[in-house]
Protein chains: 2
Amino acid sequence: MMDSPPATDVLSQETPKRGKRRAPGERRKEFVDKAIIFFSEVGFEGGTRELAKRLGVTQPLIYRYFPSKDDLIREVYETVYISRWEDQWTTDLTNRDSQVRDRLIAFYDSYTKVIFTREWMRIFFFAGLKGLDINKWYVGRVRERVLIPVCRELHHAFGISPDAEITDEEIDLAWTMHGGIFYHGIRKHIYMLDGGLGETLQVETAIDMFFAGLEKFYAERKLKQV
Amino acid sequence: MMDSPPATDVLSQETPKRGKRRAPGERRKEFVDKAIIFFSEVGFEGGTRELAKRLGVTQPLIYRYFPSKDDLIREVYETVYISRWEDQWTTDLTNRDSQVRDRLIAFYDSYTKVIFTREWMRIFFFAGLKGLDINKWYVGRVRERVLIPVCRELHHAFGISPDAEITDEEIDLAWTMHGGIFYHGIRKHIYMLDGGLGETLQVETAIDMFFAGLEKFYAERKLKQV
DNA sequence: TACTTTATTTATCGGTCGATAAGTGTAAAG
DNA sequence: CTTTACACTTATCGACCGATAAATAAAGTA
C-alpha cells in the first residue's frame with residue numbers, strides 16, 4: 001500500500017511574522033525536505049538566504065539545525081540515496097516463483113518510479129559531478145544488489161552451472177541494459193524531453209534487448225548449456 | 001606610489017612575467033581551450049581568479065577578451081558542442097556500401113572517441129543541469145542526424161516500405177541503444193568507474209541488443225516484411 | 001503571576017565574486 | 001629615437017556568501 005503524503009497542516013495562514021514555534025524534529029525534517037527540492041533545482045551552490053526564504057524563515061535559523069551548509073547538503077543526499085532504497089527490490093529479484101524477465105520488468109517499473117523524478121535525477125548528477133564518494137557508493141550498491149543478483153538469476157534461467165563465476169563482461173552487459181533504461185530518465189528530467197513509448201514499455205523493450213544480447217553473448221562464449 | 005619596484009627588471013629570467021605579447025586571436029583561443037578544461041573540472045561556478053591563475057595571467061585580463069564570464073562560458077560549450085561534431089558521421093551512416101550494423105559500429109566507435117572524454121562528458125552535464133537551450137539543441141541534433149537516419153536505414157535493411165513513417169516508438173528504441181552506450185561514458189567520466197568490456201565491445205553488444213529488440217518490435221507490429 | 005527555556009530574529013563580520021578604472025611597460029610604427 | 005598602440009597589471013568597488021553573536025519573543029513551568 002502506498003501511504004498518502006501527510007496532509008500538510010492547514011496553512012496556519014500567513015503573517016508568520018515572528019517566533020512561530022514548532023516541534024524541533026519535525027522542523028528539521030521539513031528543512032531537509034525543502035532543501036532537497038531547492039538544491040535539486042539550483043544546485044548545491046544555491047545560497048542559504050534563498051533557501052531560508054523558501055522555508056519562510058531567516059537565514060541564520062538554518063544554522064541552529066545544521067552546523068554548516070555542508071552538513072545540510074550531506075543530509076540531503078543521504079536522504080535521497082539511502083532512504084529511498086528498498087531492500088525488497090533485491091528480495092523480489094531473487095524470488096524464483098516467477099520468470100526472471102517478469103521480475104526484471106517489475107523491478108524496473110518500481111525502481112524508475114523512485115528515481116525518475118526531477119529531484120532524484122538532478123541531485124544524483126549534481127553529486128556525481130562534485131565527485132562525492134556517496135555517488136560511487138551508490139553505483140556500487142546497484143551493482144551488488146541489482147546487477148550481480150540479476151546475473152546470478154540469469155545463469156540459473158539459462159541453465160548455466162551454479163559454480164560458474166559471474167564475469168565482468170556479463171555485468172557490463174547488464175550495465176548497458178540499465179543505462180538504456182536510465183537514459184530515458186536523463187532525457188526526461190535533465191533535458192526535459194519526453195519519449196514516445198510509455199515508461200513501462202521503455203522498460204520492457206530494454207529488457208528484451210538485454211535478453212537478446214545475452215543469447216548472443218552466451219552462444220559466442222559457449223557457456224550456454226540448454 | 002611608495003613601494004619601490006624591485007628594479008630587478010634586468011633579470012627577466014624564466015617565464016616572462018610582464019607584457020608577453022601574443023597574437024590576439026591565438027590568445028583568445030588559448031583562453032577558451034583552458035577554460036574548457038577548467039570549467040569541466042570545477043563546474044561553471046568556478047571563479048575567474050582561479051581560472052586566471054591557471055592561465056598564468058591576472059583576473060581582469062580575461063575581461064579584455066570576453067565581455068563577461070557568461071560570454072566566455074557560452075563560447076566554451078559552443079566550442080565543445082559544435083566544433084567537435086562531424087558531419088561525416090551522418091554521411092557515413094547513410095552510405096549503403098556496407099551493412100547497417102557495421103555502419104552503426106563504425107559510427108559509435110568514432111562518436112565515443114569524441115564524447116568519452118572527461119571534459120566533454122562533464123561540460124555536457126554541467127550545461128544540462130543549468131537548463132541551457134544549447135543542450136536541448138544538441139539532443140535534437142543527435143535525433144535528427146543520427147537516430148532518424150539510422151531508423152531510415154533500418155527500414156531499408158529490414159525490407160520495410162520506404163513510405164512507412166518512422167514512429168516515435170522506433171526512435172525511443174534507438175534512444176535506448178544510444179543510452180546504453182552513453183551510460184558507459186557516464187560511469188567512466190562522471191563516476192570514474194571502468195567497465196569490464198573494452199569500448200569497442202561495449203558498442204558492439206549494445207548494437208546487437210538493439211537489433212534483437214528491433215526484430216521483436218517489428219514482429220509484434222507486423223511491420224516486418226521479409 | 002513570575003521565571004526559565006529556546007526558537008527565531010536582527011545585525012554584522014570576513015571572505016570571495018564578477019566587473020571596472022586607471023596605471024604601466026613593451027612592441028610596433030614613423 | 002620618438003611616438004603611439006595596446007597587452008597586461010594594480011587597485012578597488014559593490015554585491016553576495018557562509019557563519020556568528022546578541023537581542024527578542026513565544027512556549028513551558030511553577
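No value in this document is a laboratory result; all are computed from the given coordinates. Everything numeric here is computed off the predicted structure, so don't read it as measured data. Quick reminder, even Gly has a Cβ in these numbers, built from the backbone with ideal geometry, and neighbours come from all protein chains shown.
For the reader, a short list of remarks on this structure follows.
- Spatially, region A:122-172 and region B:25-70 are offset by 39 Å when compared through their Cα centroids.
- Counting only other chain Cβ atoms within 10 Å of each residue's Cβ, the peptide B:168-175 averages 6.
- Charge dipole (chain B, unit charges on Cβ, about Cα centre) - positive-most of B:PHE182, B:GLY213, B:ILE82: B:ILE82
- Copy-to-copy label distances for A:GLU26, where each label lies 7 Å from Cα along Cα-to-Cβ, are 6.9 nm in order of increasing length.
- Using a 7 Å Cα-to-Cβ projection, B:GLU45 label spacings across copies, nm, ascending: 0.6
- Electrostatic dipole magnitude of the protein assembly as shown [Cβ: Lys, Arg +1; Asp, Glu -1; Cα centre; debye, to 20]: 2100
- Estimated from helices alone, the mean residue ellipticity of the protein assembly as shown at 222 nm is -20000 deg cm²/dmol (sum of -39500 (n - 2.57) over DSSP H runs with n ≥ 4, per residue).
- GNM flexibility winner over chain A from A:THR90, A:THR167, A:THR200 (Cα, springs under 10 Å): A:THR167
- Cα shape, the protein assembly as shown, gyration tensor, a/c 1.5 rule: oblate
- For region A:34-174: Kirkwood Rh in Å [reciprocal of mean 1/r, alpha carbons]: 17.4
- Between copies, A:GLU78 shows label-point distances of 4.5 nm, shortest first, with the point placed 7 angstrom from Cα along Cα to C-beta.
- When you restrict to C-alpha pairs under 8 Å that are six or more residues apart and normalise by the size of region B:77-203, the relative contact order lands at 32 percent.
- Ranked B:GLU41, A:GLU199, criterion: other C-beta atoms within 10 Å, fewest first: B:GLU41, A:GLU199
- 10 Å Cβ neighbours from other chains, averaged over peptide A:178-190: 6
- Charge-dipole axis of the protein assembly as shown as Lys and Arg at +1 and Asp and Glu at -1 on Cβ define it, positive-most pick from A:VAL150, B:VAL32, B:THR94: B:VAL32
- Fewest-first ranking of A:ILE82, A:ILE123, using other Cβ atoms within 10 Å as the exposure measure: A:ILE82, A:ILE123
- The ranking of B:THR91, A:THR48 by Cβ neighbour count inside 10 Å, starting from the fewest, reads B:THR91, A:THR48.
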